[in-house]
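The structure appears below as structure tokens.
The values are calculated or read from the model by the stated rules, or taken from the named source; none is laboratory data. Predicted model, so just to flag it, every value in this text is computed and none were measured. Note that we place each Cβ from the backbone using ideal geometry, even for glycine, and neighbour counts take in every protein chain shown. Each accessible area value is taken on the protein alone, full model and side chains, heavy atoms only, with ligands, DNA and RNA left out. Shrake-Rupley method; radii C 1.70, N 1.55, O 1.52, S 1.80 Å.
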Amino acid sequence: FATMAAALVGMYSSSPPSIDNKYHHKRRRASISWSHLASRVLVVLIGVDLLLQLWLHCDLIHVRENHQHGSGGAAAAVSVHSALAIPIDTGETSPREETLLPEKEFEINILDTLTKAGIRLSPEAEAMLPSSQEVQEMYGSRPVIYGLDQCETFRNAMLKPSDRMVAPAGIFNTGTNLLSTIVRRNCKLPDTDDDEVWHMRFQAPWGKHNPPSFRYKNVAPQGGVGINQTNVLPVVVIRDPISWMYSMCGHPYAANWKHSKEICPKLFVSDNHSPNNHGTPKLNPVRVRYAMDVSRSYESLVGLWNEWYREWMEEVDFPFLMMRFEDLLFHPVPVVRSICNCVGGFPKQTEFWYNANSAKGEIGPHTGGSGLFQSIVRYGNSTFRKTVLSPTEKVYAKSALRKDLMTIFQYDTELHF
């Protein structure tokens, strides 16, 4: 810009040659006017150039800060899949970010969360709560959401906000009901009625527990009929695989494998996990029956977790978000705000609405579900996690669980084994 402006000044600052002196004075005045104009253009362009350099510098600082947070394992996840932790409002601007929240929004205050949810604890119950430090050591200090860079693509595909929909997806026991409930109660899209829940769906219209390949092939009887599946932004819930396997023991749903209440999750066929005749433990296969009478087999519960989320990460070519179940417990406000912002929505009311009870209800296969207090006590406890698997199972799980997923969602710390 500066070079171009200088050229303009050079072209018009000197008096042009003239044969007729009669017009020389008039042409000189014109030359001076052009020179003044070119000088002003030069000042404007230099200013624009400086602003652009300042913007790039600020963006570089923001990227570097995110990287530094990620290297510590307590904030932004760094991976080949460009997972994004929810950014902090540092006072700098960055056009790449979808949501900017103040640092205080990420503080983990478990007792405050329970109080706002209307739960009053006795001293004995309060003593059962995990510390904020313990939770941070397991899951980091900030929530992690994969796919925030796809939000603009989704919004641009449907410029009319009232055409957009949000729907949870996830394998069994990952908190999809909880996500659906708190998003519906806290998020509103422009040009929609306050009581309208059409846009905050109960589940992905192809069935929330089905793999993403069922999109356009299946219509879920509950909440899927008449829905344009293209208009839906799936929010996939992933969960710490160790605690997830524990929950599968109590509520296996459509997954079948050899196990009992006493011996579970039972990743190997042998009840005592002893090696077979070949010296290698035999894995306990899992079979899952999905919609349309489709059944798929997996080498174990670990294999089911790996493959179900691998398909989302490697085979999906449409916008989606993926978030952690644990962040619904310890970071519900920034997580829901980010999801709502992604589709162009805004908070439904000033005060955030918390769900204190089991989002699954107490009917049929959902009987015995955990409420907010029970979930925080159990899944915020690093000691509990170490009791889920046998020593042999821990060795297998640590080596077999997908490294990319474990790293992106910060499930790869030693506290998880």
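The C-beta contact set for the stretch 205-223 (first residue on the phi > 0 side of the Ramachandran plot, second residue surrounded by 21 or more Cβ atoms within 10 Å (Cβ to Cβ) and of a type outside the set (A, V, I, L, M, F, W, C), distance under 8 angstrom, 6+ apart or interchain) comprises Gly207/Gly224; Gly223/Arg201; Gly223/Gln203; Gly223/Pro205.
Yes/no matrix, rows are residues, columns are (1) buried (at least 23 other Cβ atoms within 10 Å of the Cβ); (2) farther than 24 Å from Gln410 by Cβ:
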| residue | (1), (2) |
| --- | --- |
| Glu137 | no, no |
| Met158 | no, yes |
| Ser162 | no, yes |
| Gly175 | yes, no |
| Thr192 | no, yes |
| Phe214 | no, yes |
| Gly223 | no, yes |
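Just so you know, in the stretch 99-119 the residues that are in contact with a Leu (Cβ under 9 Å, 6 or more places away or on another chain) and open to solvent by less than 40 Å² (accessible area, probe 1.4 Å) include one that is modelled with the lowest pLDDT, and it is Thr99. Ser260 satisfies every condition listed in (1) closer than 28 Å to Ser375 by Cβ; (2) surrounded by 14 or more Cβ atoms within 10 Å (Cβ to Cβ); (3) of a type in the set (Ser, Thr, Tyr) except (2).
Within the stretch 245-261, the residues that satisfy the criterion of being touching a residue at least 40 places away in the same chain (Cβ under 8 Å) and of a type in the set (Gly, Ala, Ser) are Ser247, Gly250, Ala254, Ala255. Pairing residues of the stretch 175-200 that are modelled with pLDDT under 75 with residues that are assigned to a strand (DSSP E or B), at Cβ distances under 9 Å and at least 6 apart in sequence or on separate chains, gives Asp194/Lys188; Glu196/Lys188; Trp198/Met165. For the stretch 280-302, a residue qualifies if it is modelled with pLDDT under 95 and open to solvent by 70 Å² or more (accessible area, probe 1.4 Å), and the qualifying residues are Thr280, Lys282.
Table: residues versus (1) at pLDDT 95 or above; (2) within 30 Å of His199 (Cβ to Cβ); (3) open to solvent by less than 10 Å² (accessible area, probe 1.4 Å); (4) assigned to a helix (DSSP H, G or I).
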| site | (1), (2), (3), (4) |
| --- | --- |
| Leu304 | yes, no, yes, yes |
| Arg310 | yes, yes, no, yes |
| Glu314 | yes, yes, no, yes |
| Pro319 | yes, yes, no, no |
| Arg337 | no, yes, no, yes |
| Gly344 | no, yes, no, no |
| Ile376 | yes, yes, yes, yes |
| Lys398 | no, no, no, yes |
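The residue pairs whose first member lies in the stretch 226-244 and is in contact (Cβ under 8 Å) with a residue 40 or more places away in the chain and at positive phi, whose second member is assigned to a strand (DSSP E or B) and buried (at least 24 other Cβ atoms within 10 Å of the Cβ), and whose beta carbons are closer than 9 Å, counting only pairs six or more residues apart or on different chains, do not exist in this structure.
Any residue that is open to solvent by less than 10 Å² (accessible area, probe 1.4 Å) and either within 27 Å of Pro143 (Cβ to Cβ) or not charged (D, E, K, R) (or both) - is there at least one of those in the stretch 269-279? Within the stretch 269-279 (the criterion being open to solvent by less than 10 Å² (accessible area, probe 1.4 Å) and either within 27 Å of Pro143 (Cβ to Cβ) or not charged (D, E, K, R) (or both)), the answer is no, since none of the residues qualifies.
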